[in-house]
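Since the structure comes first, as structure tokens, the remarks are kept for the end.
Coordinate-derived values only; no laboratory data. The model shown is predicted, which means the values in this text are computed figures rather than measured ones. Here the Cβ positions follow ideal geometry from the backbone for every residue, glycine too, while neighbour counts run over all protein chains shown.
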Amino acid sequence: MIVGTCVNDAVCTEVCPVNCIQPGPQSPDYLTAEMLYIDPNVCIDCDACADACPIDAIYPAQKLPDEWSEYAAINAAYFGAGPGP
Amino acid sequence: MATQVFTHCHYCVSLCGLVVDIDESRENVTNIAPDRNNPFSWGDFCRKGQTAAEIRNHPKRITTPMRRVGNSYIPASYEEAIKDISQRLNRIIDEQGPDAVGSYHGNPLGHNFGDTNMFSGLLAAIGTGNRFWVGSLDQNSLHVVQEQMFGCELMSVPTDIDGCDCFLLLGMDPAISKFGWIEVIPNGWNRVLAARDRGADLIVVDPRETQTTQKARTHVMVAPGQDWAFLLAVIRVIVDNGWNRQPEAVPVAGLEKFLALVAQASLDDLSRRCDVSVEQITDVARRFSHARTAACVTHTGLAHSGNGTVGEWLSQLLNIITNRMDMPGGKRYERGYVDLPRAWSMMAPTSRHQSRLRGLPTVAGFHSTAEMADEMLTPGDGQIKAMLICSGNPVVSGADGDKLDKALSGLELLVAVDLVQRESHRHAHWLIPGTHWLEREGLHLAFGSIMDKPFAQYARRCVPPLGQVREEWRFFVDLALAMKRPLFGLKGTNSVIRLSRRLAKLSGLEFLEFSPAWFEWLMVSMGRRVKLRDIKQRPHGYLYDEKRYGDLAKSLRTTSKAIECAPPILMEACQRLLGASPPAEDPEYPFYLVNHRHRESMNSWMNENPGLLQQGRGSQAELHSEDLRALDLREGDMVQVSSKTGSIELTVTAARGGRRGIISIPHGWGSRIFNAIQGSEPESWGVNRNRLISDKHLDFLSQTPLLNTTRVKVKPVSSADDANGSVMPMSLIARS
């Protein structure tokens, strides 16, 4: 899950093998997005995004620190679905 | 209309199930995604698999045989290639004997059973003892130990992760390279983390700090090359305290002899050697032996360290004396669905041949890659005059590439079979096109026996081979026929092949023609566990049975039918290590060279893929920040790294932590990628760090060069001129 410190760097979108991070830099929504979001139903937990993020704004869904706990729902809501497994 | 094909990736042994979208023409792949309906594997899906079509459509891909004329290559037909190569090989064999023809094959060939089997058949037809392969660079230690202990060179016992309460991992970085080596453990790292979240213990042994060590409850920062000493020390503590148990699932022989050796070793001495305190050794020993279930797992890192074979052996013994062998939550033998020793012998036929110059035996049927250059360069009876290189790049993968390149340049005939012309093929007289796994179908007859579940999947062809490219096995068979030498060295085989082709042509029934499919059918039928038809009918793969324990005892091929715990060659090697002084500090070469994997890089053949490594392409040397400071270096500075063998230049970056005195440089970089078709300037990224490795100093048993633990010195060359402020500065050296 991407948390509130996200700065839309979008390097995560480059490394994700399943394109589950939106909006990507090619998308028109990218310019106005507050942050980027991971689709929990598509994510395969490969960790490439967390690895790449320059400011460590990505955590595994089960390991969200308390201060960012609402971000599981925020990420999922962007894709119009409930939180993933 | 567009369609989908279900298959699995062949890049690494995660074998991720894939769904591949094909366009209307059926010639192009439009998308590759994980097949979430594959019951065995898809969770390790990564960008290498996702961008596979970019390698299949590689802009420099060779699509016809190419013949060298002067300094360029001209296209030719397969018939011309086979005619010329067969004539030249026959002449060399007739004049100088079969050993004058050598072979080398790399990792990608091993991922296709049929192609490897037919390659073995061709080599047997030629009759050469000078066979080399990539296994001598990364897995021979395992083959030696498995043969000595279990009686078969391939008899891996996969980690039984889900019920494991204590993981002791050595020589591996599964957070980056996934959990496979010579065991197929899909999504293994995530499963380990899940076990850890349930309370399992996780102890990782690594001189470096990695993403894997950062998730461990304990990170043991062992001295490079001394894993064997650490393992022996742990075993010593376990035995001294009576924490060992009788193995329940497997008969053992020679255990008393081994325990006598253990009693001779001094714990303090071992602790000094591996630079791990007696306190920490004892703690690990207690935790590992007391855990309800546990597994000690070793991957390729051990193989590279000069004493890796002894380390590999000791890791097996640690599992045996704590009763983890073929037990739930420990290591579980999967007997698969074919006769594994037979299948293995089709990939790696045994050979009693001794190398001409060093008199060394083969390991898994092949001589050490480290011997190749000398065997080509040194005149005399049995000198190698011709080489067949298939799916390999030994100048980059092996030691002392400069010398090997020189050796290859002197050959009378060099034939390279590959997708693209790379560094090791630059002197080739013939380039023969290779296929990509997207273009192939088949069943891997050996992998089924090293999986952590009873699973089989028939890989499906997604797109036809580009242009007129023929599958490698067909080229190998045609070459043997043209040479009039019997495939597999079995008289009569060639007539059967020719007859089968005639019959297939006359009847229009393809399956009548000799092909790898014959072996698939034969081996699966003889295995009597599953039907080939049932495998083929399940595009997402077939979990054909439940896991069960206790098959290892029934499968052992030792004369005693027990696990041999004290094979003489391993006991002697260990005794030698104990008797020798620990490696002395070398003030002239104060650093140990070690290796690490980048997530999106694997070996030497995908690094130019534009879909990968988008954050930066190239290799850097990783040093502890204190070592950087001591050398007055900043991240991004250029250094010269030299050993007694060679010298390279590249930029540095700071390690996350780990030991001082090590420099980690990833393997697989620095190969030029040539454009054989257009003859334009080659591209290349990064540097070949294996130029630093000597081809003389080998692990005595595995014959693997010191890919880890070679001693080097580091000298600043120049400062980075522009500090661009990027968080991950990269060395981008695209040079001609």
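Counting only other chain Cβ atoms within 10 Å of each residue's Cβ, the peptide A:44-50 averages 6.
Going from the residue with the fewest nearby Cβ atoms within 10 Å to the one with the most, B:SER355, B:SER560, B:SER25 rank B:SER25, B:SER560, B:SER355.
Quote the charge dipole size of the stretch B:228-294 about the Cα centre in Debye, to the nearest 20; the model charges only the Cβ of Lys and Arg (+1) and of Asp and Glu (-1).
Working: 8 positive and 8 negative charges, 35 e Å.
Taking the Cα centre of the stretch B:228-294 as origin, the dipole is about 160 debye.
Please label the shape of the stretch B:477-608 as rounded, prolate or oblate, based on the square roots a ≥ b ≥ c of the eigenvalues of the alpha-carbon gyration tensor (a/c under 1.5 means rounded; beyond that, a/b larger than b/c means prolate, else oblate). Numbers along the way, then the final one.
Values: a/c = 2.01, a/b = 1.72, b/c = 1.17.
Verdict is prolate for the stretch B:477-608.
Annotation: amide H-H contacts under 5 Å for B:VAL220 (H modelled 1.01 Å from N, sequence separation of 5 or more, or interchain): B:VAL204, B:VAL205, B:ASP206. Treating r as the C-beta distance of B:TYR589 and B:LYS215 and R0 as 41 Å, the FRET efficiency rounds to 0.80.
Given the convex hull of the Cα atoms of the stretch B:54-102, what is a quarter of its surface area in nm²? Present the calculation step by step, with values, prior to reporting the outcome.
Working: hull surface 19.5 nm².
With every direction weighted equally, the projected area is 4.9 nm².
Computed from phi, the 3J(HN,Hα) profile of the stretch B:641-654 under the Karplus parametrisation 6.51, -1.76, 1.60 (θ = phi - 60°) reads 10, 10, 10, 5, 8, x, 8, 9, 10, 6, 8, 10, 9, 8 Hz, with x in place of Gly and Pro. Note on chain B: with charges restricted to the Cβ of Lys and Arg (+1) and Asp and Glu (-1), its dipole about the Cα centre is near 1500 debye.
Over the protein assembly as shown, all Cα pairs binned in 20 Å intervals from 0 give whole-percent P(r) values of 15, 50, 32, 3, listed from short to long.
Reported value for chain B: 157 Å³ per residue, from the convex hull of its C-alpha atoms. Filter the cross-link list B:LYS178/B:LYS696; B:LYS178/B:LYS215; B:LYS331/B:LYS561; A:LYS63/B:LYS215; B:LYS331/B:LYS554 down to pairs whose alpha-carbon distance in this structure exceeds 23 Å. From the list (B:LYS178/B:LYS696; B:LYS178/B:LYS215; B:LYS331/B:LYS561; A:LYS63/B:LYS215; B:LYS331/B:LYS554), the Cα-Cα distance tops 23 Å for B:LYS178/B:LYS696. Among B:ILE203, B:ILE126, A:ILE55, the ranking by other beta carbons within 10 Å of each residue's beta carbon, starting with the fewest, stands as A:ILE55, B:ILE203, B:ILE126. Between A:ALA52, A:ALA72, A:ALA33, the residue with the greatest mean-square fluctuation in the GNM of chain A (Cα pairs under 10 Å linked by springs) is A:ALA33. Charges were assigned to the Cβ only: +1 to each Lys and Arg, -1 to each Asp and Glu. The resulting dipole of the protein assembly as shown about its Cα centre is roughly 2620 debye.
Cβ crowding within 10 Å ranks B:MET325, B:MET602, B:MET526 as B:MET526, B:MET602, B:MET325, fewest other Cβ atoms first. A simple count of charges around B:PHE514, restricted to other residues whose Cβ falls under 12 Å of its Cβ and scoring Lys, Arg +1 and Asp, Glu -1, yields +1.
Could you work out the relative contact order of the stretch B:479-602? I mean the mean sequence separation of Cα pairs under 8 Å and 6+ apart, divided by the number of residues, in percent. Each step should come with its number before you reach the end.
Details: 44 pairs, mean separation 8.9, N = 124.
Worked out over the stretch B:479-602, it gives 7 percent.
When the Cα positions of B:PRO98, B:ALA428, B:ASN38 are compared along the charge dipole of the protein assembly as shown, B:PRO98 comes out farthest toward the positive end, with charges on each C-beta of Lys, Arg, Asp and Glu. Averaged over peptide B:632-644, the number of partner chain Cβ atoms lying within 10 Å of each residue's Cβ comes to 0.
Take every DSSP beta bridge whose two residues both sit in chain B, then give the antiparallel share in percent to the nearest 5.
On the way: 41 of 81 bridges.
Bridges in chain B are about 50 percent antiparallel.
Here the Karplus relation 6.51 cos²θ - 1.76 cosθ + 1.60, evaluated at θ = phi - 60°, turns the backbone of the stretch A:42-48 into coupling constants of 9, 3, 10, 6, 7, 6, 4 Hz, with x for every Gly and Pro. Between B:HIS697 and A:LEU64, the simple label model (points 7 Å from Cα in the Cβ direction) yields a spacing of 5.2 nm. Here r is the Cβ-Cβ distance between B:THR63 and B:SER560 and R0 is 51 Å; the resulting FRET efficiency, rounded to 0.05, is 0.45.
Charge tally for B:ALA399 (other residues, Cβ to Cβ under 13 Å; Lys, Arg +1; Asp, Glu -1): -3. What residues from the stretch B:664-685 fall in the zone where the backbone N is under 20 Å from a label point 7 Å along the Cα-to-C-beta line of B:SER72? Taking a point 7 Å out along Cα→Cβ of B:SER72, the residues of the stretch B:664-685 whose backbone N falls under 20 Å are B:673-683. Applying a DSSP loop filter and a limit of 12 other Cβ atoms within 10 Å to the GluC sites (Glu not before Pro) in the stretch B:193-283 leaves B:GLU248.
Determine the relative contact order of the stretch A:30-85: mean sequence separation of Cα pairs under 8 Å and six or more apart, normalised by residue count, in whole percent. Once divided by the residue count of the stretch A:30-85, the mean separation gives 44 percent.
Just in the stretch B:516-603: which GluC sites (Glu not before Pro) are loop by DSSP and have at most 16 other Cβ atoms within 10 Å? Counting only loop positions with at most 16 other Cβ atoms within 10 Å, the GluC sites (Glu not before Pro) in the stretch B:516-603 are B:GLU546, B:GLU585, B:GLU588. Under the classification rounded if a/c is under 1.5, otherwise prolate if a/b is larger than b/c and oblate if not, where does the stretch B:243-370 fall, given a ≥ b ≥ c as square roots of the Cα gyration tensor eigenvalues? Judged from the Cα gyration tensor, the stretch B:243-370 comes out oblate (a/c at least 1.5, b/c at or above a/b). Considering only B:ALA76, B:SER156, A:TRP68, whose Cα is most displaced toward the positive end of the charge dipole of the protein assembly as shown, charges sitting on Cβ of Lys, Arg (+1) and Asp, Glu (-1)? In the protein assembly as shown, that residue is B:ALA76. The base-10 log of I(q)/I(0) for the stretch B:583-679, evaluated at q = 0.12 Å⁻¹, reads -0.46 [Debye formula, identical scatterers on Cα atoms, solvent excluded]. Net charge of the neighbourhood of B:GLN537, taken over other residues with C-beta under 13 Å away and scored Lys/Arg +1, Asp/Glu -1, is +4. Given axes a ≥ b ≥ c from the Cα gyration tensor, I'd like to know whether the stretch B:1-142 is rounded (a/c under 1.5), prolate (a/b larger than b/c) or oblate. Note, shape of the stretch B:1-142 comes out oblate.
Computed from the C-beta positions of A:VAL7 and B:LYS406, the FRET efficiency with R₀ = 45 Å rounds to 0.30.
Couplings 3J(HN,Hα) for the stretch B:552-558, derived from phi with the Karplus relation 6.51 cos²θ - 1.76 cosθ + 1.60 (θ = phi - 60°), are 4, 4, 7, 9, 4, 10, 6 Hz, where x marks Gly and Pro. Farthest towards the positive end of the charge dipole of the stretch B:572-636, among the residues B:SER604, B:GLN575, B:VAL594, is the Cα of B:SER604, using unit charges on the Cβ of Lys, Arg, Asp and Glu.
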